[in-house]
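Written below as structure tokens is the structure these notes are about.
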Amino acid sequence: MLNSGDSTYPVDQPRLHIKGGYSLAGEVRISGAKNSALVLMAGALLADDTCYLRNVPALADIGRMAEILQAIGVTVKEQSDGIEINAQDLNATNPPYALVSQLRASFFAIGPLLARLGVANVPLPGGCAIGARPVELHVRGLQALGAEVIIDHGVVQAYAPKLKGAKIYLDYPSVGATETLMMAATLADGETVIDNAAQEPEVVDLANFCIAMGAKIYGAGTNSITIVGVDRLHGTEYDIIPDRIEASTFLLAAAITHSEISLAPIIPGHLTAAIAKLEEIGAKIKLEGPQRLRIIPAETYSGSDIETLPYPGFPTDMQSLFMSLLAVSKGNSLVSETVFENRFGHVPELNRMGADIRVKGNHAVIRGVPFLSGAPVMGTDLRATAALVVAGLAAKGETIVHGLQHLDRGYEAIEIKLGQLGAKLERRGGVTQPVKC
């Protein structure tokens, strides 16, 4: 157990030992987007033959999603450059709680199951403890499509012999609800319109995947998406978009270590918020090609204010990463978290490293310090752990990052990629490996 009063941490769990103060150089390859891959794997349930997904990252969460699909009769095969999914024999409507409880993205299965089989019994999901992410928007949307839905003993039970197109307004532009309802509507009778829809790139990626399977979807990437239901969807081959959060992580790693590196492949438009904020505080970003960029660091950075918002606003997933850089930037900064209420778990750990950060409600006030010092720290969620790794790269001395079970949910071989750029870090202790499909 972690003891906040001393340096006692679990020694039998995997951890990263990071020697800070080394510059990075070279080019890093950005993996496929985790948040796209997971929902596209669920979306493959809509087709009655084989889908082939390429650019799938090797992550623990991907392995868990594969296990969930296999548990309901789907064939999942790992190939050299992707994953092959065949849902022709989809035969169960109740993914097991033991698996679903570990992965929030597993709830995406409810839309395709309902559309394909007319019934779904999906346990309420688990995942990072960063705040309440209720499923009411999903439930109300499915009810608008004609489903009978009840929640009983932690299981969402939905029934609809045939979904019907409907007008749906989301009280909040939830990515999960938008994706769930878009998938369900692809096989519904008639036209569905989702207003106040999420506009994230991952929503567009799902829409493009469904279109490749034969769906009729219009307006993805705007706040109003129209889906015209079809009788069936067929298999397809599809390349998942690059991970914009992983790209941002490496941009922050370069910035905080005052290093110049290149990133590829990336989609520049997906990184607009991160690029704008980095340039505001002093870094320069150069596009070297349609899918490649280079960061040129500043000698010093200036404090800045950040407010997380739904896309195209500043992403909540980048908040903790930027806070590590702001902690060693000149002046004061204010970070306001408006998306999740429990997303400041990294703050006390950064303070252990010498940062000066005070939290009040959903605001964090940061007073820049000259440097951070290495310390044993504990990651509390995926992005918080990544933020501590980024901080450790620049800190004086050795930082030991615990909680790698979080990091391995969203970053493919991050210590290997950082090591290839010149970082001095080593994974020790029990090995947390991505679960293979």
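The values are calculated or read from the model by the stated rules, or taken from the named source; none is laboratory data. A quick note: this is a predicted structure, and the numbers were derived from the prediction, not measured. Neighbour counts are summed over all protein chains in view; Cβ atoms, including those assigned to glycine, are modelled from backbone coordinates with ideal geometry.
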Item to check | Candidate set from segment 61-79 (those that are out of contact with any helix residue (DSSP H, G or I) (no Cβ under 7 Å at 6 or more places or on another chain) and surrounded by fewer than 20 Cβ atoms within 10 Å (Cβ to Cβ)); member that is farthest from ASN94 (Cα to Cα) | outcome: GLN79
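Over 19 Å from SER304 (Cα atoms) and surrounded by fewer than 15 Cβ atoms within 10 Å (Cβ to Cβ): does that describe ILE400? Before you say what the answer is, go through the steps one by one.
Details: over 19 Å from SER304 (Cα atoms): yes; surrounded by fewer than 15 Cβ atoms within 10 Å (Cβ to Cβ): no.
For ILE400, the condition - over 19 Å from SER304 (Cα atoms) and surrounded by fewer than 15 Cβ atoms within 10 Å (Cβ to Cβ) - is not met.
Given the criteria among the small types (Gly, Ala, Ser), in contact (Cβ under 8 Å) with a residue 60 or more places away in the chain, in the same structural domain as GLY21 (by TED's automatic domain parsing) and not in a helix (DSSP H, G or I), does SER262 qualify?
Working: among the small types (Gly, Ala, Ser): yes; in contact (Cβ under 8 Å) with a residue 60 or more places away in the chain: yes; in the same structural domain as GLY21 (by TED's automatic domain parsing): yes; not in a helix (DSSP H, G or I): yes.
Yes, satisfied.
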Next on the checklist: Name the residue that is nearest to HIS406 (Cα to Cα), counting only residues in segment 348-368 that are surrounded by fewer than 17 Cβ atoms within 10 Å (Cβ to Cβ) and among the β-branched types (Val, Ile, Thr).
Outcome noted: VAL359
Item to check | Among (1) out of contact with any strand residue (DSSP E or B) (no Cβ under 7 Å at 6 or more places or on another chain); (2) of a type in the set (Ser, Thr, Tyr); (3) surrounded by 14 or more Cβ atoms within 10 Å (Cβ to Cβ) - the single one SER259 does not satisfy | outcome: (1)
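Would you mind listing the strands (runs of 3 or more DSSP E) fully within segment 137-250 where at least 2 residues are in the same structural domain as SER101 (by TED's automatic domain parsing) and buried (at least 24 other Cβ atoms within 10 Å of the Cβ)?
Working: elements: 148-152, 155-159, 167-169, 191-195, 216-218, 224-228, 237-239.
Strands (runs of 3 or more DSSP E) meeting the threshold: 191-195, 224-228.
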Item to check | Residue under evaluation ILE416, criteria (1) touching a helix residue (DSSP H, G or I) at 6+ places or on another chain (Cβ under 8 Å); (2) part of a helix (DSSP H, G or I); (3) not polar (S, T, N, Q), criterion not met | outcome: (1)
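Residues are listed down the side, and each one gets a yes or a no for (1) at negative phi; (2) in contact (Cβ under 8 Å) with a residue 40 or more places away in the chain; (3) touching a strand residue (DSSP E or B) at 6+ places or on another chain (Cβ under 8 Å); (4) not assigned by TED's automatic domain parsing to the domain that holds LEU325:
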| position | (1), (2), (3), (4) |
| --- | --- |
| HIS346 | yes, yes, no, no |
| ARG352 | yes, no, yes, no |
| ASN362 | yes, no, yes, no |
| LEU372 | yes, yes, yes, no |
| MET378 | yes, yes, yes, no |
| ASP381 | yes, yes, no, no |
| THR385 | yes, no, yes, no |
Checklist entry - So how many residues does segment 14-36 have that are assigned to a loop (DSSP other than H, G, I, E, B), hydroxyl-bearing (Ser, Thr, Tyr) and under 16 Å from ARG409 (Cα atoms)? => result 1
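Of the residues LEU350, LEU325, LEU372, which is within 20 Å of THR249 (Cα to Cα), modelled with pLDDT of 95 or more and in contact with a Lys or Arg (Cβ under 9 Å, 6 or more places away or on another chain)? Walk me through how you get there before you give the answer.
Details: LEU350 fails: in contact with a Lys or Arg (Cβ under 9 Å, 6 or more places away or on another chain); LEU325 fails: in contact with a Lys or Arg (Cβ under 9 Å, 6 or more places away or on another chain).
Step by step, each of LEU350, LEU325, LEU372 is checked, and only LEU372 is within 20 Å of THR249 (Cα to Cα), modelled with pLDDT of 95 or more and in contact with a Lys or Arg (Cβ under 9 Å, 6 or more places away or on another chain).
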Next on the checklist: Return the residues of segment 265-312 that are closer than 30 Å to ASN196 by Cα, touching a helix residue (DSSP H, G or I) at 6+ places or on another chain (Cβ under 9 Å), assigned to a helix (DSSP H, G or I) and not charged (D, E, K, R); say none if nothing qualifies.
Outcome noted: PRO268, GLY269, HIS270, LEU271, ALA273, ALA274, ILE275, LEU278
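Let's see how each residue does on (1) among the aliphatic types (A, V, I, L, M); (2) more than 22 Å from ASP408 (Cα to Cα):
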| residue | (1), (2) |
| --- | --- |
| ALA60 | yes, no |
| THR75 | no, yes |
| SER80 | no, no |
| ILE83 | yes, no |
| GLN88 | no, yes |
| ASN91 | no, yes |
| ALA109 | yes, yes |
